[in-house]
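Bear in mind these aren't lab numbers, they're just calculated from the coordinates by the rules spelled out. Remember, it's a predicted structure, so these values are computed and weren't measured experimentally. Cβ sites come from the backbone with ideal geometry, for glycine too, and all protein chains shown count toward neighbours.
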Amino acid sequence: MRLFSFSSPTTGIAEGPGQSTPVSRKRVLWLSCTAHALHDGYTDMIYALLPVWQTDFGLNYGALAILRAVYAGTMATLQLPAGRLAHLFGTRATLAFGTLLAALGYAAAGMSGSLFGLCVALAISGAGSSTQHPLASGAVSRVYGRNARGPLSIYNFSGDLGKSALPAAISLLITIMPWRHALWAVSAVGVVVAAVIALFLPSMPKAESSIEEASSQNGNGSRSGFSLLFTIGVLDTAVRMGLLTFLPFLLKAKGISQPMIGTALALVFIGGAAGKFVCGWLGARMGVIGTVLATEGGTAALILAVIGLPLTPALILLPLLGAMLNGTSSVLYGTVPELSSIERTERAFALFYTGTIASGALSPVAYGLLGDQIGVQGATLATAATALAILPLALALRPHLRTT
């Protein structure tokens, strides 16, 4: 089965890892990481702004939920079209324009005076952010080729840095200036990043192969392998988001104070960021399947431990639980290029990210409804069962992967 074709004209900086310069590869990686940090920061910055908008516009909780849904929904649904635009105009132009659009959307939010205006502005920003995941991750996978798994883990980790930095920055800025001015300030950062991408990201022209040619290169085995990987990604996201929904309630039942809940969640997120970074490299060295089996099995075991243990031991385990929860994602993202031809890398990433984002939005609702029926502890046990359900899927994926 032919998994890669390094003679393709789809990349202008190199036709294979051995033919591209280290400087070009590093430039693609760090600019992709910068774009990831900015766009993920823009995505989560909304959480810090919702209380401000509630006060300023007199919005109820339903309206606030709409604002978040508009951004996330636009970003998720436009990722596939973003990949098609890259085939028409090139990765560099599309990613730079998307970054500019995301920044201008927040600038427009700073000028809006109504709920409708905020929705339009966030839809614009979400549309811009739809370009980042498929194009930046696709660029990294193209220039590193068979060695992309480690760099993709760095790219994946950079998103967590943005999620930490930009919400914190906007929270600080709105204490020293009006929130509208704060939005214009962070929008200016996005404009600068867009300009840097347009000027310095090495050119990667549109693919010349047709979709049909790319599909025939892949073969039925690779398509079925990608379907398995996609399903694992959706379930892995469901486990993560479902557990995070119930974790505060589990800890509250153990007697944790309200201020300590934030600290507990921070322990999970810190472990998660480390897990993304480390597990991508482990996947490159220990194998995809072994790493997925370890992280998902570890997730299930740690969920059971957190349910059964007293508060203090449970808190001690939270960073490790976070590493297991998030670590699988780096391994999965790094496997996407292996199950797609190089001509369709952006499309494969777009499909994968669309599925995981949709799962992140819908799974808390599903687990929440289950929790209403069987209680918090029962629903949390269901997340552990979902993690265990991934194990046979991972074993079924093994024959589709490249052996080294």
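What dipole magnitude, in Debye to the nearest 20, does the range 214-400 give about its Cα centre under +1 on Lys/Arg Cβ and -1 on Asp/Glu Cβ?
140
For the chain, the mean residue ellipticity at 222 nm estimated from helices alone is -29000 deg cm²/dmol, where every DSSP H run of n ≥ 4 contributes -39500 (n - 2.57) and the total is divided by all residues, rounded to the nearest 500.
Please state the relative contact order of the chain as a whole percent: Cα pairs under 8 Å, 6+ residues apart?
Details: 659 pairs, mean separation 102.9, N = 404.
So the answer I get is 25 percent.
The GNM of the chain, with springs linking C-alpha atoms under 10 angstrom apart, assigns the highest mean-square fluctuation among A76, A389, A194 to A389. Annotation for the range 231-292: chymotrypsin sites (Phe, Trp or Tyr not before Pro) lying in DSSP loop with at most 16 further Cβ atoms inside 10 Å of their Cβ do not exist.
So, by mean Cβ neighbours within 10 angstrom, what's the order for 56-65, 309-318, 332-341 with the highest one leading? Intermediate values should be presented prior to the final figure.
Working: 56-65: 12.7, 309-318: 15.4, 332-341: 26.1.
Going by the mean number of other Cβ atoms within 10 Å, highest first, we get 332-341, 309-318, 56-65.
Highest average first, the peptides 130-138, 291-299, 255-263, 87-95 ordered by how many other beta carbon atoms sit within 10 Å of their residues are 130-138, 291-299, 87-95, 255-263. Total lysine pairs in the chain at Cα distances under 30 Å, for residues eight or more apart or on different chains: 8. Distance between Cα centroids, the range 249-324 to the range 16-95: provide it in whole Å. If we compute the Cα centre of each part, the gap is 26 Å.
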